[in-house]
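What follows is calculated from the coordinates using simple rules that are stated; it is not laboratory data. Because the structure is predicted, anything quoted here is derived from the model rather than measured. Here Cβ is always computed from backbone atoms with ideal geometry, including for glycine, and neighbour counts include all displayed protein chains.
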């Protein structure tokens with residue numbers, strides 16, 4: 001989302017820098033080969049997850065982060081940080 005969003009993610013209620021977004025977009029489109037291998041790998045993985053899993057794991061992670069249903073608890077009833 002950050003790379004496809006030209007340096008800006010989603011679900012942010014704060015201020016966005018339009019100039020930064022424009023500069024990032026121009027650079028990414030004019031020099032795509034300058035992206036690192038790890039960055040390209042993240043882009044490919046993101047596309048795979050979006051295309052084949054339709055955002056399911058992102059939704060699950062958001063639900064767990066917010067203390068939603070199905071999250072494991074410890075014996076004392078505190079929330080666990082593991083899946």
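With the crude spin-label approximation of a point 7 Å out along Cα→Cβ, what separation in nm comes out for residue 63 versus residue 22?
Label at residue 63, label at residue 22, 4.2 nm between them.
Label points 7 Å out from Cα along the Cβ direction at residue 29 and residue 43: separation in nm?
The two pseudo-label positions are separated by 1.4 nm.
Find the all-direction average of the projected area of the Cα convex hull for region 14-65, expressing the result in square nanometres with one decimal place.
5.3 nm²
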